[in-house]
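Read the structure below first, then the notes.
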Amino acid sequence: MLSAKQIAPGGSGRIEVAVNTQGQTAIHKSVVVVTNDPKQPQISLSLTGMVIPEFGLSERFIYFGSVPPGKEIVKELLITIPPEKSVKVLSAESTDQYVAVKLESVPGSDGKKTKLIATQKSDTKPGYHFGTVVIKTSSPLTPELRIPVRGNVTAASQ
Amino acid sequence: MKRLLPVLLAILALGLVALQAAEKTAVIAFDGITKDFGTVTEGERLKYVFTFKNKGDATLEILKVEPS
């Protein structure tokens, strides 16, 4: 955002730059300013930085694989909170009706490590199924973690 | 005529110098052109303001500001 397009001699101006860090691991942003200054017709403004996730995930998705009917499959995922962060993992739900989820705090981690246990039910109907595990947190920056989940139950004859 | 020629040339040269001195230009001067945020947490919405001055004697025009 530019304060003014024309600056009188002796005057000053401002350029405000916004950076969204969602989904980023680093900041590498450049803004080009074009002016009528004959010695500096083009200036590049640079913004840098490192982005660390508020919640570490051991896996970014859960895949149960292709399995025969009647089999229960369990997958685990670890959620880690950096020591200096005071946020918490609150709850987890699955949008896939064939997947049940629960959270378990890792003993001795002082609440900084939580295990998500996802179970593909034994009565899952043959065919592909998919959904999202939504983990709610106490963080205003990351109120939800969304993890894709999918699986395939092969037909009985296969 | 031969005596006049150097005088005419001198007047012409002085005129050109005066003309150049009268030309005004804008001069943009940023307080800084880089910003390192260090380590930030994913999800944070960051903002930074770059300030600049016109140190020239003509109006500074910002023709375009765009991310690259």
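Across the range A:1-51, the volume of the C-alpha convex hull divided among the residues equals 88 Å³ per residue. Pairs exceeding a 32 Å alpha-carbon distance, out of A:Lys102/A:Lys125; A:Lys29/A:Lys102; A:Lys75/B:Lys47; A:Lys115/B:Lys35; A:Lys75/A:Lys112: A:Lys29/A:Lys102; A:Lys75/B:Lys47; A:Lys115/B:Lys35.
Per residue of A:81-91, other chain Cβ atoms within 10 Å of the residue Cβ number 0 on average. For the pair A:Thr48 and A:Leu141, the difference between a 0.36 nm per residue extended length and the Cα-Cα distance amounts to 31.5 nm. Using just its DSSP H runs of length 4 or more, each adding -39500 (n - 2.57), the protein assembly as shown gives a mean residue ellipticity at 222 nm of -3000 deg cm²/dmol after division by all residues. Of the trypsin sites (Lys or Arg not before Pro) found in the range A:1-105, those that fall in a DSSP loop while having at most 10 other beta-carbon atoms within 10 Å are A:Lys39, A:Arg60. The amide H of A:Ser139, built 1.01 Å from its N in the peptide plane, has A:Lys88 as neighbours under 5 Å, considering only residues 5 or more places off or on other chains. Which of A:Gly56, A:Gly127, A:Gly11 moves the most in a Gaussian network model of chain A with Cα springs under 10 Å? Comparing A:Gly56, A:Gly127, A:Gly11 in the GNM, the peak value goes to A:Gly11.
Inter-label distance, B:Lys64 to B:Val49: 2.7 nm, where each label sits 7 Å from its Cα along the C-beta direction.
Compute the FRET efficiency between B:Glu42 and A:Lys39 as 1/(1 + (r/R0)^6), taking r as their Cβ-Cβ distance and R0 = 30 Å, and round to the nearest 0.05. Taking R0 as 30 Å, the efficiency between B:Glu42 and A:Lys39 is 0.15. Kindly express, to the nearest 10 degrees and within the range 0 to 90, the angle between helix B:4-22's C-alpha long axis and the longest C-alpha principal axis of chain B. Value to nearest ten degrees: 20.
Where the alpha-carbon atoms of chain A are placed on the principal axes, they occupy 81, 41, 19 Å, in descending order.
Here the Gaussian network model covers chain B, with springs between Cα atoms less than 10 Å apart; of B:Val40, B:Val27, B:Val49, B:Val40 fluctuates the most. Among B:Ala13, B:Ala26, B:Ala58, the residue with the largest mean-square fluctuation in a Gaussian network model of chain B, with springs joining Cα atoms closer than 10 Å, is B:Ala13.
Averaging over every viewing direction, what projected area does the convex hull of the Cα atoms of chain B cover, in nm²?
Details: hull surface 32.9 nm².
Projected over every direction and averaged, the Cα hull of chain B covers 8.2 nm².
Here's the picture: a label point sits 7 Å out from the Cα of A:Thr154 along the beta-carbon direction, and within the range A:54-72 the residues with their amide nitrogen under 17 Å of it are A:64-72.
Across the range A:142-154, rounded Karplus estimates of 3J(HN,Hα) from the backbone phi angles (6.51 cos²θ - 1.76 cosθ + 1.60, θ = phi - 60°) give 10, x, 9, 10, 10, 10, x, 9, 7, x, 9, 9, 6 Hz, Gly and Pro being marked x.
Apply 1/(1 + (r/R0)^6) to the Cβ-Cβ distance of A:Leu103 and A:Ser12, taking R0 = 30 Å, and write down the FRET efficiency to the nearest 0.05. Here the calculated transfer efficiency is 0.05.
Every read-out reported here was derived from the displayed coordinates using simple, explicitly stated rules and does not represent laboratory data. Keep in mind the model is a prediction, meaning the values are calculated, not measured. Here the Cβ is made from the backbone with ideal geometry for all residues, glycine too, and neighbour counts use every protein chain on show.
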